[in-house]
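Structure record follows, encoded as C-alpha cells.
Just so you know, all these numbers are worked out from the coordinates, no wet-lab data involved. If you're wondering where the values come from, they're calculated on a predicted model, not measured in any experiment. Glycine gets a Cβ as well: all are built from the backbone with ideal geometry, and neighbour counts include every protein chain shown.
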Amino acid sequence: MAGLDAALDLHYAGLLADARQPDDDRPDGGRRGDDQSGDGWSGDDRSGGGWSDDLGLVGPDAFRAAMAALPTGVSVLTTRHDGGVWGMTVGSLTSLSLRPPLLLVCLRRGSTSLELLAERGRFAVSVLAADQGPVADAFARPRDPGTAAESCAELAGLPVVDGALAWFTCRHRHTYLGGDHAIVIGAVEHATHRDGDPLVRHASRYHRLHPSTASEGTP
C-alpha cells in the first residue's frame, strides 16, 4: 500500500504541474482542446493522463465494463462559442452542494469543451427526456455550431436543449484534475424543470423507466 500511495502522490503532482504549463511547454507539444475523437461515450484518452499500468489496479476495459452496470441519467452540457453553440453529452452530472448550489460534471482532459468552459466562464446543463436518445447521440460527436443551435433554446443567455426535463445555468467555479479526466464544478444560477420521464443509460444502451418501478419515495 505504501508503494501505491507514493505512486498516486507522484501521479497527481505530475497532473497539477502539467496543468499549470503553457501550451508551448507541455510535454506533448500540442495545444489544449484538440479533441479529434469527440467528447462522447466512446472517447478514450490513451495517454491515461500520465498514468502507469503497473500499480496493481484494475485495467480500464474491466473498469469501464463494470461501471456500465450503474444506470445514469443523460445530460448535454452547452456553452457559447464563436457566436454559436458548443455542446457535448455527459453522463456524470452530480449535485454537489445545496448551500451554495453546486453541481459537477467530468470531462476528458484535453477536450475542447474543457478549454471552452474555462474561457467562457458560464455553461448550461440540460437533463434529457426519454425520447431524446438521438439528441444525446448527436451531441456525443464534435458539434458544428450551426447544427447544434437547431436543437437549442435559450435560458439566461445560454443555449439549452429544447424539450429536456431540467435545465441548469452555471458559473464555472473550479476545475480539478483526476487521472485522464477533470472534475468541473459549477455554481448554479438558474434551475428549472418539467414533468416527464428521463433518458437512462445502462449497459451502454438507452432505456426508459418502467412505470411499475417508479416510486414516490422510500416505503
**Fill in**
Per the Cα gyration tensor, the range 152-192 corresponds to an equivalent ellipsoid with semi-axes, largest first in Å, of 24, 12, 8
**Fill in**
Per the Cα gyration tensor, the range 64-109 corresponds to an equivalent ellipsoid with semi-axes, largest first in Å, of 23, 18, 9
**Request:** Return the long-range amide H neighbours of S92 (sequence gap of 5 or more, or a different chain), with a cut-off of under 5 Å between placed amide H atoms.
**Result:** C106
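Would you mind working out the magnitude of the charge dipole of the range 63-207 relative to its Cα centre, with +1 at each Lys and Arg C-beta and -1 at each Asp and Glu C-beta, to the nearest 20 Debye?
500 debye
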**Request:** Using only the alpha carbons of the range 63-207, determine the length spanned along each of the three principal axes and report them from longest to shortest in whole angstroms.
**Result:** 36, 33, 32
